[in-house]
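The values are calculated or read from the model by the stated rules, or taken from the named source; none is laboratory data. This one's a predicted model, so the numbers in the text were calculated from it and none came from an experiment. Here the Cβ positions follow ideal geometry from the backbone for every residue, glycine too, while neighbour counts run over all protein chains shown.
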Amino acid sequence: MQLQQHIPTHTTEKPYNCATCGKSFTLRGNMKRHEETHLEKSTRDRLQCQVCTQTFLSKLAVQRHVRAVHENRKKYPCEFCDKGFSKPSNLEGHVEAKHATNKDLIHSCDKCEYKSYSKFNLAYHVRRHNPANLRECYFCGKQFVMFQELVRHSNRLHTLEV
């Protein structure tokens, strides 16, 4: 049964379509999870990490978060330097930004003077312009785009351990 479900991931066939936006998926379960992203945030079931306050839409997302953030498991190493990443997409963004071979591609922010060789870094940067995306440190007020950055900041500067 699992093999039957896995085989379509190696083809270009994507028979399942989101009723809201039309995005196509190879697996029905992935489409169902995606469809939940169109629901009002307040109506979605949320699962909270047992270590910190971050919440997620699925058990798998909580597990990935715990492995990457709290257990520091990074099984996608960069072949150009000693950095490791918890997700392939993060590794791809890193390679594009730090080890790019085509330096002619410049991506510019339309709200400020920021420019990058990396589309990934530009997308990350643009989030800074939306106050709803910022998370503020309870202790010092410093703002962060990524929750993981806030956790790392708090652990380094505001640990309450003696």
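Couple of notes before you dig in:
- The set of residues in region 111-130 being over 14 Å from residue 94 (Cβ atoms) and among the basic types (Lys, Arg) consists of 111, 115, 127, 128.
- Among the candidates 80, 85, the residue that is among the hydrophobic types (A, V, I, L, M, F, W, C), free of Cβ contacts under 8 Å to residues at least 12 places away in the same chain and out of contact with any Cys (no Cβ under 6 Å at 6 or more places or on another chain) is uniquely 85.
- Test: residue in region 45-62 that is in a loop (DSSP other than H, G, I, E, B), at pLDDT 85 or above and at positive phi: no
- Applying the condition of being surrounded by 13 or more Cβ atoms within 10 Å (Cβ to Cβ) and of a type in the set (A, V, I, L, M, F, W, C) to region 126-145 and asking which residue is nearest to residue 107 (Cα to Cα) yields 126.
- If you go through region 89-103 and keep only what is β-branched (Val, Ile, Thr), in a loop (DSSP other than H, G, I, E, B) and at pLDDT 80 or above, you end up with nothing.
- So residue 75, is it without any contact (Cβ under 8 Å) to a residue 12 or more places away in the chain, more than 17 Å from the chain's Cα centre (by Cα) and within 27 Å of residue 6 (Cβ to Cβ): no
- Scanning region 67-89 for residues that are within 24 Å of residue 47 (Cα to Cα) and surrounded by fewer than 16 Cβ atoms within 10 Å (Cβ to Cβ) turns up 67, 70, 71, 72, 73, 87, 88, 89.
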